[in-house]
1. Please list, or write none, the aspartates and glutamates whose alpha carbon is within less than 15 Å of the alpha carbon of LYS148, excluding same-chain residues fewer than 8 places away.
2. For the chain, what are the DSSP H helices with axial Cα length of 20 Å or more and mean Kyte-Doolittle hydropathy of at least 1.0?
3. Rank the residues MET337, MET147 as a footprinting-exposure proxy: fewest other Cβ atoms within 10 Å of their Cβ go first.
4. May I ask you to list the residues of the stretch 99-123 whose amide nitrogen lies under 14 Å from a point 7 Å from Cα along the Cα→beta-carbon direction of LEU190?
5. Please provide three numbers in whole Å: the alpha-carbon extents of the stretch 46-191 along the principal axes, with the largest listed first.
6. So, in nm, how far is label ARG38 from label LEU164 when the simple model puts each one 7 Å beyond its Cα toward the Cβ?
7. Per residue Cα convex hull volume for the chain, in cubic angstrom?
8. Which stretch or stretches of the stretch 129-173 have amide N atoms under 15 Å from the point lying 7 Å from VAL31's Cα along the Cα→Cβ direction?
Amino acid sequence: MREGIKKHQNLVENFFYLYVSKITNILIPLVTLPYLVRVLGIENYGLISFAQVFALLFVVFVDFGFDLSIVRIISINSDNIKKVSEIFNSVIVIKILLILISFTFYYFIINYFDKFSKDELLYLYMYGIVIGQGLFPLWFFQGMQQMKYITILNFAVKVIFLILVFLLVKTEDDYINYPILFSLSYIIVLPFAFYTIKTKFNVDFFIPSIEKLIYYTKYSSHFFASRVALRFYEGGGLFVVGLVSSDLIAGYYAIADQLRAAITSLYSPISQALYPYISKEKNIKLYKKMFYAINIVNIFGLVILFVFTEDILDLLFGSHSFMTVSLIRIFVFVMAMDVPSILVGYPLLGAFGYTHFVNYSLVITAVIYFILLTIMYLFGLVSAKTVAFLYLFTIAIELGLRVYGVVKYKVWRNNV
């Protein structure tokens, strides 16, 4: 009885700390978004948003799916510190190698393509995101179900970042400062995170054998495919709009997409906390209660957003454009399907061992998205609105595939 209560307390604690961390990561961009748009202008905001999306494509390569594959392994082996040390060191070494490899391609692209070379310094500064996010060991704390330490560090750094943005970004010419500050917000916290892992969890630091590096690389490879698909899926729209349109149009799309991402991110801590918990406990009754409650809250919030879109934009930015209003209202329907799709993904199907199905559902959807987006590009049909509608169409396919998986594998009725 006491053990069961303790497990639930662990879950509740992780929900709390994940939410504090996630809300910090959401609120800071939401606070800076209106400020940056007003100070830098929509065109400059569109430029830095495009550069950020480009850098995040390389973050996926460095992550290599470890944020999914390793969380489950660490959760299962959390009582075996020797095994945990082996996993941690293997992942970090692999990530360092991937950072070096990815920079070679990154540097080549920004030097040999005019779209990037004219703002070379901006893109070089933005690569700090790849280093910071790539090495940030959030997956370790998730797997150990101990989010307290990293949450405190993350909160402190993000507040400092917010203050520096208001101090150092004051005119349109200061747009170059943003990627520096954004990158530093991830990099500064790394020494503290590694120190905590060493002292609080007694993890030894060492260089693993080549065999271990190969093993964990192979193990995570199919997760990598799904992560590439997800990043292209989420950032591909802005990336393509930025390629074929002006920075102004990219800015309009970026504003709507940023709000969509912020709202959807409110639910990701639930997914992140449920995944290791359900993987270990298989408590489907608790999962169902949370699934229904989360979706009711989500629909209620989206109805408010749809009805009061113009008022919300006026409140945030002092004005609104017809294009941004239209895009946000399209994304309302995207979010209505995206949240249940996320919740039946790893927290349910993945936790019951059907990770391949979750990965393939995302890869298949992303391939459809890529094919249709390519056709639209070739026939000159790419615009902010058509890309948003395409996202809506494909997110419906993803949800349908995952619901099919839930029915096929009968996980909704499982309760081990």
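Values quoted throughout were computed directly from the atomic coordinates according to the rules given, and no laboratory measurement underlies them. Everything quoted here is computed from the prediction, not taken from an experiment. Here the Cβ positions follow ideal geometry from the backbone for every residue, glycine too, while neighbour counts run over all protein chains shown.
1. Candidates past the 8-residue exclusion: GLU13.
2. 42-63, 81-112, 120-135, 148-168, 284-307, 322-343, 355-378, 384-409
3. MET337, MET147
4. Those under the cut-off are 99-103.
5. Cα spread of the stretch 46-191 along its principal axes, largest to smallest: 52, 35, 21 Å.
6. Those two pseudo-labels are separated by 2.3 nm.
7. Measuring per residue, one finds 138 Å³ for the Cα hull of the chain.
8. 154-169
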